Protein chains: 2
Amino acid sequence: MKIYLATNNKGKIREINSLFKDTGIEFIGGVDLSSVVEDGNDYRENALIKALFVYKLSGTYVVSEDSGLEVDALQGAPGIHSARYADLLKANNATDNDNIAKLLSALKDVPKDKRTAKYVSAFCFIDGGAESFFMGEVHGKIIDSPRGNRGFGYDPVFVPDGYDKTFAELGDEVKNKISHRAVASAKLRDFLVDKFVRRTV
Amino acid sequence: MKIYLATNNKGKIREINSLFKDTGIEFIGGVDLSSVVEDGNDYRENALIKALFVYKLSGTYVVSEDSGLEVDALQGAPGIHSARYADLLKANNATDNDNIAKLLSALKDVPKDKRTAKYVSAFCFIDGGAESFFMGEVHGKIIDSPRGNRGFGYDPVFVPDGYDKTFAELGDEVKNKISHRAVASAKLRDFLVDKFVRRTV
């Protein structure tokens with residue numbers, strides 16, 4: 001069973017295939033998503049926009065994902081704009097460092113105990129009938145300067161609850177268990193295994 | 001297999017059970033939804049709000065539905081506000097007749113060939129993991145005075161494409177085949193039969 005993964009990020013394809021090893025389900029990429037405008041109102045809508053784009057080309061099963069960081073003191077910003085938070089010219093060229101710098105600047109007067117935040121992930125699976133979504137969250141706080149060089153996005157300033165290191169320090173061993181994307185993709189795995197695998201065992 | 005249907009409308013429970021007869025799946029109501037605030041941005045969100053409300057009380061499978069009428073000349077209004085279009089005081093007391101009168105008034109200067117519209121339905125199914133949605137649409141036009149006394153909502157002024165009678169004249173024999181809700185609920189039926197029934201046959 002091959003399922004398209006609507007992403008141009010080869011790291012994400014590798015990561016999800018590792019999660020699904022031994023299931024008989026394999027994720028494949030290869031569709032150029034650079035022309036897709038992610039103008040949805042929330043993570044689900046943006047994930048659906050990407051999935052539908054690939055579904056129209058492929059006509060078969062598609063999985064996609066959208067995610068973001070929501071900071072309480074910023075009323076949920078950067079949220080769905082996380083990847084392009086510092087991208088003032090809408091040129092799709094904000095780097096992780098630009099985004100982190102903008103976030104820390106926005107929080108510079110916010111005391112430690114008010115810097116709570118959560119990462120949110122929405123996976124989407126479509127097959128032409130149902131549109132199914134799988135949500136995951138991880139709560140934590142934003143520290144005042146970056147630490148660690150693993151992960152990506154806001155990981156160097158995000159310390160998950162129950163830890164004192166950032167996601168960028170903790171790395172995949174921890175992140176693949178407790179992250180927003182780990183929680184959501186575990187639900188996706190249960191769903192797809194139930195749909196495609198369990199019944200034939 | 002019993003599934004909660006998140007609605008206070010006994011007619012909807014009867015209708016969906018008739019669609020699922022012979023599947024072994026039975027829909028049950030009984031949860032009071034009068035306190036639910038349907039403030040989502042679209043049909044999917046409103047359906048999800050209702051389903052989550054019942055899921056939190058029941059802890060088991062829940063189906064819900066949200067629907068509306070989108071008129072092109074009104075930029076998609078009344079849309080998610082269809083049921084309370086004429087409800088200026090937000091008192092939840094707009095009748096079908098009030099809503100139809102407001103719609104015809106808004107369209108009074110719009111010529112016949114510009115009165116295109118569609119009904120949209122979104123079913124939602126949740127089980128604590130996936131949130132699955134099933135969309136349906138039916139295209140048609142809005143006539144300039146009500147005809148027929150079957151159906152509900154805007155049915156007396158909605159003529160589906162390919163017919164010259166309104167949904168309120170055509171009644172359930174036609175509506176249960178071509179309506180937005182029929183299209184969406186057929187997808188839901190396929191999904192639930194695949195999930196709960198087919199594998200045990």
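What the table below lists for this structure:
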{"quantity": "Test item: Cα-centred dipole of chain B, Lys/Arg +1 and Asp/Glu -1 on Cβ, debye", "calculated": "360"}
{"quantity": "For the protein assembly as shown, alpha-carbon Rg relative to the globular expectation (2.2 N^0.38 Å, N residues)", "calculated": "1.09"}
{"quantity": "Burial of 20 Å² or greater, region A:152-201 residues [accessible area, probe 1.4 Å, versus chain by itself]", "calculated": "A:Lys187, A:Phe191, A:Asp194, A:Lys195, A:Arg199"}
{"quantity": "Residue-averaged 222 nm ellipticity for chain A, from DSSP H runs of 4+ at -39500 (n - 2.57), nearest 500", "calculated": "-9500 deg cm²/dmol"}
{"quantity": "Pairwise label distance in nanometres, B:Ala106 with B:Leu19, each label 7 Å out on the Cα-Cβ vector", "calculated": "2.5"}
{"quantity": "Cut-off 14 Å between beta-carbons: net charge of the residues surrounding A:Gln75, Lys and Arg +1, Asp and Glu -1", "calculated": "+1"}
{"quantity": "Area buried, chain A against chain B - accessible surface, total, 1.4 angstrom probe, square angstrom", "calculated": "1400"}
{"quantity": "Lysines with Cα under 25 Å of B:Lys108, excluding same-chain neighbours fewer than 8 positions away", "calculated": "B:Lys90, B:Lys118, B:Lys141, B:Lys165"}
{"quantity": "Largest-first ellipsoid semi-axes for region A:2-200, taking √(5λ) over the Cα gyration tensor eigenvalues, angstrom", "calculated": "30, 19, 14"}
{"quantity": "Residues of region B:1-41 with amide N under 14 Å of a point placed 7 Å along Cα→Cβ from B:Thr60", "calculated": "B:1-6, B:25-31"}
{"quantity": "Surrounding net charge for A:Val138, when Lys and Arg each add one and Asp and Glu each subtract one, Cβ distance under 13 Å", "calculated": "+1"}
{"quantity": "Relative contact order of region A:2-200, pairs being alpha-carbon contacts under 8 Å that are 6 or more residues apart, as %", "calculated": "17"}
{"quantity": "14 Å Cα-Cα reach of B:Lys12 towards aspartates and glutamates, excluding residues that sit fewer than 8 places from it in its own chain", "calculated": "B:Glu26, B:Glu65, B:Asp66, B:Asp172"}
{"quantity": "Pairwise centroid distance, computed over Cα atoms, of region B:46-116 with region A:102-172, Å", "calculated": "37"}
{"quantity": "Simple spin-label estimate for B:Thr95 and B:Arg198 in nanometres, 7 Å along Cα-Cβ", "calculated": "4.6"}
{"quantity": "Per residue accessible area of the protein assembly as shown, 1.4 Å probe, in Å²", "calculated": "50"}
{"quantity": "Charge sum, other residues only, whose C-beta stays under 15 Å from B:Lys2's C-beta, Lys/Arg counted +1 and Asp/Glu -1", "calculated": "0"}
{"quantity": "Region A:1-78: C-alpha gyration tensor shape, a/c 1.5 cut-off, then a/b vs b/c", "calculated": "oblate"}
{"quantity": "Whole-percent carbon and sulfur share, accessible surface of region B:1-90, 1.4 Å", "calculated": "51"}
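The values are calculated or read from the model by the stated rules, or taken from the named source; none is laboratory data. Computed from a predicted model, the values in this text were never measured in an experiment. Here the Cβ is made from the backbone with ideal geometry for all residues, glycine too, and neighbour counts use every protein chain on show. Calculation scope for accessible area: heavy atoms of the full protein, side chains included, ligands and nucleic acids excluded. Shrake-Rupley method; radii C 1.70, N 1.55, O 1.52, S 1.80 Å.
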